[in-house]
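Computed from the coordinates by the stated procedures, all read-outs in this text should not be read as laboratory data. Treat the numbers as computed from the prediction; the structure is a model and nothing was measured. Every residue, glycine among them, receives a Cβ derived from its backbone with ideal geometry; neighbour counts consider all protein chains shown.
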Amino acid sequence: MDMNTAKLKKNAFRVTKVRGKTASRVRVPGGHLEAKYLPVLQEIAEKYGNGTLHITNRQGFEIPGIDFADVDKVNAALQSIIEGLEINQEEEDAGYPASGTRNVIACIGNRVCPFGCYDTTGLAKRIEKAIFPNDLHFKVACTGCPNDCAKVRMHDFGIMGMTEPQFDPNRCVSCEACIKACRTRSVGALSMQNFRPVRDAKKCIGCGVCVINCPDRAWTRSKKKYYRLTLLGRTGKKNPRMGEDFIKWVDEESILKIILNTYDYVKEYIDPNAPGGKEHIGYIVDRTGVEEFLRWALKDVDLPPEAEVYTPLYWKGVKY
Amino acid sequence: MIRNDYIPFPSKVLEVIRHTQIEYTFRMSFDGEVRPGQFFEVSIPKYGEAPISVSGIGPGFVDLTIRRVGKVTNEVFERYVGDSLLLRGPYGNGFDLNEYRGRELVVVAGGTGVSPVRGVIDHFGAHPEERKGMTIITGFKSVNDVLFKDDFKRWRQQMNVVLTLDAGEETPEHRIGLVTKFIPELELEDAASAVAIVVGPPAMMRFSVAALLERGFREENIWVSQERKMCCGLGKCGHCKIGDTYVCLDGPVFNYVKGKTLLD
Amino acid sequence: MGYRVSRETLDLWLATHAADYEIWAPHRFVGEGCFSDTDSVRYARVTKLEEIELKERSHYSFKEALTPASQTLFYFTQEACTEPEPPVKGAILLLRSCDLHALRRLDDMYLHNGPADYYYARLRERVKVVLLGCAASCESGFCVSMGTNVSENYDMSLDPVAGDFLVDCKDADWAAFFAARGCGEEPVTPAHVEENAVKVTVPEKLSPAVAKASLWNQYDKRCINCGRCNFVCPTCTCFTMQDLYYDENARLGERRRVWASCMVDGFTDVAGGGSYRKKNGERMRFKVLHKMLDYKQRKGYQMCVGCGRCDDVCPEYISFSGCVNHLDEAMKEVQGK
C-alpha cells in the first residue's frame with residue numbers, strides 16, 4: 001500500500017492506528033454551522049467511514065474509518081460544507097487544505113450568550129480568512145468575555161472580548177447593582193462616590209457585567225469593540241504554560257496584523273530541523289528573545305490610543 | 001404659580017441639648033403653626049434630608065431630636081448654635097389633643113418614640129385639669145440611652161411615670177424590662193374609656209397594643225404613630241406608603257382602628 | 001380634523017415645532033441594549049422622523065420626559081437655595097395609548113396626591129400629546145384588560161399608512177399647518193388594539209388580605225430585587241432625595257431626586273436602622289397591590305396600564321400579568337382560611 005502521508009496530512013486527513021484507514025478532519029471555524037451540513041457529515045460517515053463521528057477539541061468533526069481509496073470521494077462530498085463555511089480553498093473538490101495552523105475556535109459568543117461582548121464566530125471566520133491555509137503551527141482562539149470559556153490562554157493568540165463601559169450619570173439611580181455585580185462577579189473595579197459609581201479604568205477588565213446589571217441603561221457598551229490579546233499559551237510535553245496578557249483594549253485590525261506579522265517572524269526564525277516543520281511559537285521566542293519577537297509582531301501596527309501594552313512579557317508554566 | 005414645596009427655609013439653631021452619645025435635641029427658631037406628632041424634613045449637613053418629629057413646641061421655637069447617623073460626627077452636631085439648618089414642614093397630621101381631653105391617658109413610648117409624644121406629655125402634665133389620671137411608660141435600652149432626663153424629673157411630679165430599661169439594675173428611677181411588662185399592672189379607673197398613645201419601634205408597638213387590648217382598652221381609644229422613610233412629606237416619593245395610605249399625608253398618627261389595617 | 005400627511009410634511013412639522021417644544025419620541029439607541037449588539041428603545045428628544053422608532057414599543061416609558069431619572073431640585077449655599085433654570089421649551093410627547101393613560105396616573109400622583117409638585121406642574125402645563133396608533137398588539141401588553149387601549153385626549157394622532165401618515169388633529173393650529181401645506185382631508189380614526197394575547201383579570205373582591213397568600217413566597221427566591229420593573233414602568237413615580245456636597249463642610253451643594261424602586265434594597269430604611277419588606281416576595285406583593293388595589297382605593301381606578309414593559313424587562317422572567325392572574329386563587333386561599 002502506497003500513500004504519501006505528508007500530502008495526506010496536508011489535506012486534513014489523519015494517519016490512524018489502523019493500517020490503510022484514515023480519518024477526515026472537518027474544521028468548523030468559530031464552531032458554529034448551519035444544521036443543514038450535519039446530514040452531509042452523516043452520509044460521509046456512513047458511506048465511507050465506520051458510521052461514527054468524533055467532536056474534536058478544536059470544534060471540528062473527525063470522521064474515522066475511511067479507506068485511503070475513498071479520500072477523493074470524501075473530499076468531493078465535503079465540498080458543500082467547505083463552501084458553506086467559506087473556507088479558503090485552493091482547488092475545488094480537493095478537500096480542506098493544510099493542517100498546520102489549527103482551527104480558530106470560539107465560544108458561543110454574543111450570538112447566544114448574554115455575557116459575550118462580540119460575535120466570536122464572526123471574528124474567528126475573519127481570522128480564518130486572513131491566515132488559512134498555512135502549514136505553520138498556530139493556535140488562535142476567540143472568547144466572548146473575560147470568563148474565557150474558550151480557554152484562550154491555552155493558545156498562541158487568545159482573543160478575549162471587552163467593552164469599555166460608558167456611564168450616563170443622568171440615568172443613574174444609585175441602586176448600586178453595578179457595584180455589587182462587579183464586586184461579586186468580576187474584579188471590583190467600581191466604587192460609589194457621591195451616589196454614583198466610579199470606574200477604576202486600570203482595574204476594569206471590560207467584562208460588561210456593569211452594563212448587564214444596570215437596570216436603567218446608565219451603563220452601556222462602547223460603540224467600539226475591544227479585546228484583550230493574550231500571547232503564547234500552549235499545551236505540550238516540554239513546557240506547558242498559560243498565555244500572558246499582551247495588549248488590553250486592542251482592536252480587531254491590530255490583532256489581525258499582529259497575527260500575520262507573527263507568521264513572518266516564525267518563517268524567519270523557525271528551527272529548520274523542527275519535526276514536521278512545526279514548532280510552537282513560544283520556543284522560538286525563547287530563542288530569539290521577546291524584544292525581537294515584538295519588533296516583528298508590532299511592525300506597522302497602529303494601536304488605538306487606549307491600548308495598553310503589557311511589559312515586560314514573561315511566561316511561567318511547568319518545565320520538564 | 002404653584003409653590004415650590006421642596007425649597008427649605010433656614011431656621012436658626014437656638015440651643016443644642018445633648019441627651020446621649022448619639023442623640024441631641026436641636027431647639028430651632030420657628031413661628032408657624034405646629035403640633036406634637038408632626039414632623040419636619042431637616043437637612044442634616046453631610047447626611048441629607050430626614051424626617052424628624054417635633055419633640056417640643058414653645059414660643060418661637062420647635063425642638064427636633066436627632067439621632068446621629070452614619071458619617072455625621074459629634075463636632076458637626078455640637079457647633080451649630082447660632083448657625084442655621086434648612087427645614088421644610090411641618091408635615092403630617094400630628095396628635096389631636098382634643099381626642100384625649102377629659103380622659104384617662106396612658107402613653108407608651110420606646111426610645112426615640114418619646115420625641116413625637118413629648119409635646120402631648122408636656123401639655124397634659126402642665127394641665128392636669130384637662131385630663132383624668134395619666135401614666136407614661138417609657139422604655140430605653142440602657143441608662144445611657146435615656147432621652148429627656150430633665151423632663152422626667154418634672155413629669156414625675158405631674159403623673160405616674162414608669163421609666164424602664166431593657167437591661168441593667170433596678171434603681172429608684174428605673175425599672176427593668178420591656179414596656180409591655182408594665183401594661184398589665186396599669187392602675188386605671190376604667191380601661192374601657194381610657195385612651196392610649198403608643199409610639200416606638202414596630203415590634204414594641206405591636207406588642208404594646210396587644211397588651212393594652214388585653215388590659216381592656218378599646219381599639220378606637222388607642223393611637224399609634226408610624227415612623228417611615230420619607231423623602232418628600234408631600235405624598236410623592238412613595239417611601240412611606242402602606243397599602244393605600246401615605247403616612248406623610250394621612251399620618252403619621254393613626255387611630256388603631258385604621259392603624260391595624262396598615263400592614264407593610 | 002383628519003389629514004393624510006406625507007413624510008416630508010411631517011418632517012417639516014417636526015422641524016417647525018422643535019423650535020418651541022422638546023419633542024419626545026421613542027428612539028432606537030443602537031447598541032445600547034443590555035447585551036452586546038442589542039438596541040435600547042427609549043424616549044429621546046427628536047427633530048426628524050427618521051429618529052423616531054415607529055414600530056417597537058419603547059423598552060422604557062416616556063416618564064423621563066416629565067420626571068428625569070435624576071433631577072436637580074435646587075442648589076444650596078448656607079444662605080440660599082437656588083432653583084435651576086426652568087425648562088425653556090414646552091414638550092410634545094409621542095405616546096401610545098397605554099402611555100397616554102399612564103400620563104393621567106402621573107398627573108394624579110404628582111398634582112393631586114398631596115400638594116402639586118412644582119417641578120412636574122411647571123412642565124406639565126406646557127405638554128402636548130401626539131397619540132401613536134397601535135395597528136397591532138405588542139406581545140406582552142394587556143391594555144384591553146386594563147381599559148387603556150383607546151385614547152381620545154390627544155392633540156394629534158399619528159398612524160403610518162403606506163408611506164404616508166394619517167393624522168387626526170384636535171389642535172387647531174396644527175390642523176391649519178397641515179391644511180396650509182395641501183394635505184388631503186379625510187376622516188381619521190387612530191388605530192388601536194382590540195385584543196391582546198395577554199389578558200388579565202383582577203378579582204372584584206381583591207383585598208389587602210391577599211398579602212397572606214402563599215403566592216408571594218415564590219418571588220422570595222425568583223426575584224433578584226433589581227428594580228427594572230419599576231424603572232421601565234410608566235406609572236411608577238417613587239423617588240429618593242440625594243444631597244450632593246461640593247465642599248468639605250457640606251455648606252455648598254445640590255439636592256436632587258432620583259427614581260427609586262420599591263423592589264431595591266434600602267427603599268424603606270429608616271434612620272434608626274429599621275426597614276420593612278425585607279423579602280423580595282413582600283416587595284413583589286407591595287408592587288402588585290400598589291398597581292392593582294391600593295391606588296384604585298385612593299383614586300378610583302387602576303394604576304397599571306397594561307403596557308407589559310415590566311414583563312419584557314425582567315431578567316428572571318417574572319411576569320407581572322401572570323402574577324395578577326393568580327390573585328383570584330390567592331384570594332380564595334386566604335378566604336378559605
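Centre-to-centre, using Cα atoms only, the stretch C:58-118 and the stretch C:238-296 are separated by 18 Å.
Counting trypsin sites (Lys or Arg not before Pro) as exposed when in a DSSP loop with at most 10 other beta carbons within 10 Å, what is the longest stretch of chain A free of them? Could you put the intermediate results ahead of the total?
Details: sites that count: A:Lys17, A:Arg19, A:Lys202, A:Lys237, A:Lys316, A:Lys319.
Between the exposed loop sites, the longest stretch runs A:20-201.
Computed from point charges on the beta carbon alone (+1 for Lys and Arg, -1 for Asp and Glu), the dipole magnitude for chain C about its Cα centre is near 1340 Debye.
Within a 10 angstrom radius of each residue's Cβ in B:238-250, how many Cβ atoms of other chains show up on average? Whole number is fine. Intermediate values should be presented prior to the final figure.
On the way: counts 13, 12, 2, 9, 6, 9, 10, 3, 4, 0, 1, 3, 2.
For this peptide, the per-residue mean of nearby foreign Cβ atoms is 6.
Note on C:Arg122 and B:Ala167: the model spin-label points, each 7 Å out from Cα along the C-beta direction, lie 5.4 nm apart.
The stretch A:43-70 and the stretch B:172-249 have their alpha-carbon centroids 80 Å apart. Counting charges near A:Arg217 (Lys, Arg +1; Asp, Glu -1) among other residues having Cβ under 9 Å from its Cβ returns a value of -1.
Under a model in which nothing but the beta-carbon of Lys, Arg (+1) and Asp, Glu (-1) is charged, the stretch A:159-300 shows a dipole of about 580 debye around its Cα centre. Counting, for every residue in C:273-281, the Cβ atoms of other protein chains within 10 Å of its Cβ and taking the mean gives 2.
Apply 1/(1 + (r/R0)^6) to the Cβ-Cβ distance of B:His174 and C:Lys299, taking R0 = 45 Å, and write down the FRET efficiency to the nearest 0.05.
In this case the efficiency is close to 0.35.
Residue separation of A:Ile205 and A:Val15 scaled by 0.36 nm, minus their Cα-Cα distance, works out to 64.1 nm of gained length.
The stretch C:185-224 and the stretch C:1-17 have their alpha-carbon centroids 36 Å apart. Pairs exceeding a 20 Å alpha-carbon distance, out of B:Lys181/C:Lys212; C:Lys221/C:Lys278; A:Lys202/A:Lys248; A:Lys151/A:Lys257: B:Lys181/C:Lys212; A:Lys151/A:Lys257.
Residue ranges C:250-257, C:288-295, C:168-175 sort as C:288-295, C:250-257, C:168-175 when ordered by packing (mean number of other C-beta atoms within 10 Å per residue, highest first).
Using r as the Cβ-Cβ distance of A:Asp67 and A:Lys316, and R0 as 56 Å, what FRET efficiency do you calculate, to the nearest 0.05?
Details: r = 46 Å, r/R0 = 0.82.
So the FRET efficiency works out to roughly 0.75.
How big is the antiparallel share of DSSP beta bridges in the protein assembly as shown, given as a percent to the nearest 5? Restricted to the protein assembly as shown, the bridges split so that about 70 percent are antiparallel.
Can you give the calculated 222 nm mean residue ellipticity of chain C, where each DSSP H run of n ≥ 4 adds -39,500 (n - 2.57) and the sum is split over every residue, rounded to the nearest 500 deg cm²/dmol?
Values: 12 runs with 92 residues, N = 337.
It lands at -7000 deg cm²/dmol.
Comparing C:Ser140, C:Ser275, C:Ser36 in a Gaussian network model of chain C, where Cα atoms under 10 Å apart are tied by springs, the biggest mean-square fluctuation is seen for C:Ser36. Residues whose amide H lies under 5 Å from that of B:Ile197, counting only those 5 or more places away or on a different chain, are B:Val106, B:Val107, B:Val108, B:Trp223; hydrogens are built 1.01 Å from N in the peptide plane. Helix content alone sets the calculated 222 nm mean residue ellipticity of chain A: runs of n ≥ 4 DSSP H residues at -39500 (n - 2.57) each, divided across all residues, give -8500 deg cm²/dmol.
Each peptide in C:50-57, B:115-122 gets a packing score, the mean of other Cβ atoms within 10 Å over its residues, and the list from highest to lowest is B:115-122, C:50-57.
Determine the shielding of peptide C:103-111 by partner chains: average, over its residues, the number of Cβ atoms on other chains within 10 angstrom of each Cβ. Per residue, the average neighbour count from other chains is 1.
Starting from the 7 Å offset along Cα-to-Cβ, what nm value, one decimal, do you get for the label separation of B:Lys141 and A:Val198? Modelled inter-label distance: 3.2 nm.
Estimate the FRET efficiency between C:Ala162 and A:Glu34 by the formula 1/(1 + (r/R0)^6), using the beta-carbon distance for r and 30 Å for R0, to the nearest 0.05. According to the calculation, E is roughly 0.25. When DSSP assigns beta bridges and you keep just the ones with both residues in chain A, what percent turn out antiparallel, to the nearest 5? Of those bridges, close to 85 percent are antiparallel. Estimated from helices alone, the mean residue ellipticity of chain B at 222 nm is -5000 deg cm²/dmol (sum of -39500 (n - 2.57) over DSSP H runs with n ≥ 4, per residue). Taking the square roots of five times each eigenvalue of the Cα gyration tensor of the stretch B:97-259, the equivalent ellipsoid has semi-axes of 25, 19, 15 Å, listed largest first. The alpha-carbon atoms of the stretch B:9-91, seen along their principal axes, cover 32, 22, 20 angstrom, with the largest extent given first. Which residues does a label at C:Asp171 reach in the stretch C:7-32, if reach means a backbone N under 20 Å from a point 7 Å past the Cα toward the Cβ? Counting only backbone N, you get C:7-27. Extending 7 Å from the Cα toward the beta-carbon at both C:Lys279 and B:Phe9 defines two label points whose distance is 4.6 nm.
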